[in-house]
Amino acid sequence: MIIDLSVHIDDRTPAYPGDPRFEARVAGTFEHDGYEGHSISMGTHTGTHIDAPSHMISEGASLNMADISRFVGRGRMIDATQGFSLDAVQIADIQAGDIVLFDTGTSARFYDASYFERYPVMPSNIAEYLVNQQVGMVGLDTCSADNTPEFPIHTALLSHDIHIIENLTNLAVLAHHEFRVFALPLNLSLDGAPARVIAEIDV
């Protein structure tokens with residue numbers, strides 16, 4: 001079974017405050033050109049996207065420098081709808097290279113202004129634990145792993161080459177399942193990129 005964990009991108013897709021919004025312009029029509037085409041403009045952190053180390057770490061690696069294999073891996077889903085819990089993380093059998101996803105329930109408010117104003121933030125002790133476990137990526141159904149200008153969670157993860165997936169959705173479907181994650185960003189030599197993230201559930 002394949003589960004889409006990515007939000008839809010169109011002109012309704014909200015952007016993180018200060019980031020550019022998605023815009024599509026007609027570049028060709030059947031009536032005038034014999035085909036349909038569009039040009040698009042959006043920020044590198046639009047919709048479901050992946051942060052590379054260079055997003056927050058000076059001289060950090062850009063997205064295209066990562067081995068493609070690191071965007072595919074065994075998934076572990078942590079229920080954080082009642083808050084982040086180190087105990088819940090520690091009993092999740094997290095292994096090196098895993099892609100760890102946190103379901104906070106926040107994605108239900110994706111189109112509300114409150115999505116960017118009120119969202120839970122991962123505690124530093126959980127970020128430290130994930131670093132020690134040498135996970136491959138960390139994913140969240142929130143707009144950011146941080147809510148302070150110092151960006152401590154981004155820094156902790158990205159400084160150890162752990163990519164961050166933000167604005168995930170449908171994570172509750174993964175509860176009590178074994179699954180693999182395929183989180184494939186655009187191949188950009190930049191600080192991040194939108195990604196189509198899916199999970200393949202073992203049935």
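The values are calculated or read from the model by the stated rules, or taken from the named source; none is laboratory data. None of these values were measured; they are calculated from a predicted model. As a convention, Cβ positions derive from the backbone with ideal geometry for all residues, glycine included, and neighbour counts pool all protein chains shown.
One residue stands out in region 91-114 among those that are of a type in the set (Val, Ile, Thr) and surrounded by fewer than 22 Cβ atoms within 10 Å (Cβ to Cβ): the one that is farthest from Tyr129 (Cα to Cα), namely Ile91. Here Asp202, Asp191 are screened, and the one residue that is closer than 12 Å to Asp51 by Cβ and not aliphatic (A, V, I, L, M) is Asp191.
Do we have Glu178 as more than 25 Å from Pro123 (Cβ to Cβ) and surrounded by fewer than 21 Cβ atoms within 10 Å (Cβ to Cβ) here? Steps first, answer last, please.
Values: more than 25 Å from Pro123 (Cβ to Cβ): yes; surrounded by fewer than 21 Cβ atoms within 10 Å (Cβ to Cβ): yes.
The answer is yes for Glu178.
Within region 125-142, the set of residues being surrounded by fewer than 22 Cβ atoms within 10 Å (Cβ to Cβ) and not in a helix (DSSP H, G or I) comprises Gln133, Gln134. Among the residues of region 30-70, those that are within 23 Å of His8 (Cα to Cα) and assigned to a loop (DSSP other than H, G, I, E, B) comprise Glu36, Met42, Gly43, Thr44, His45, Thr46, Gly47, Thr48, Ala52.
Against the condition among the small types (Gly, Ala, Ser) and in contact with a Gly (Cβ under 7 Å, 6 or more places away or on another chain), how does Ser62 come out, does it pass? Answer is no for this residue. A single entry from Gly83, Gly97, Gly47 fulfils the requirement of being without any contact (Cβ under 8 Å) to a residue 60 or more places away in the chain, on the phi > 0 side of the Ramachandran plot, out of contact with any Gly (no Cβ under 7 Å at 6 or more places or on another chain) and not hydroxyl-bearing (Ser, Thr, Tyr): Gly83.
Criterion first (at pLDDT 95 or above, part of a helix (DSSP H, G or I) and among the aliphatic types (A, V, I, L, M)) does Leu101 satisfy it? Judged against the criteria, Leu101 is not a match. Of the listed requirements (1) in a loop (DSSP other than H, G, I, E, B); (2) surrounded by 21 or more Cβ atoms within 10 Å (Cβ to Cβ), Ala195 misses just one: (1). Just one residue in the set Ile40, Ile99, Ile9, Ile2 is touching a Lys or Arg at 6+ places or on another chain (Cβ under 8 Å), among the β-branched types (Val, Ile, Thr) and closer than 19 Å to Gly139 by Cβ; that residue is Ile99. What number of residues within region 1-29 are surrounded by 13 or more Cβ atoms within 10 Å (Cβ to Cβ) and part of a loop (DSSP other than H, G, I, E, B)? Number satisfying all stated conditions: 11. Only residues in region 128-145 that are closer than 11 Å to Ala96 by Cβ count as the first member; pair them with residues that are assigned to a helix (DSSP H, G or I), Cβ under 6 angstrom, at least 6 apart or cross-chain, and list the lot. Partner pairs satisfying both residue conditions: Gly136/Arg70. Does Pro53 satisfy the criteria of being crowded, with 16+ Cβ neighbours inside 10 Å and in contact with a Cys (Cβ under 9 Å, 6 or more places away or on another chain)? It is false that Pro53 is crowded, with 16+ Cβ neighbours inside 10 Å and in contact with a Cys (Cβ under 9 Å, 6 or more places away or on another chain).
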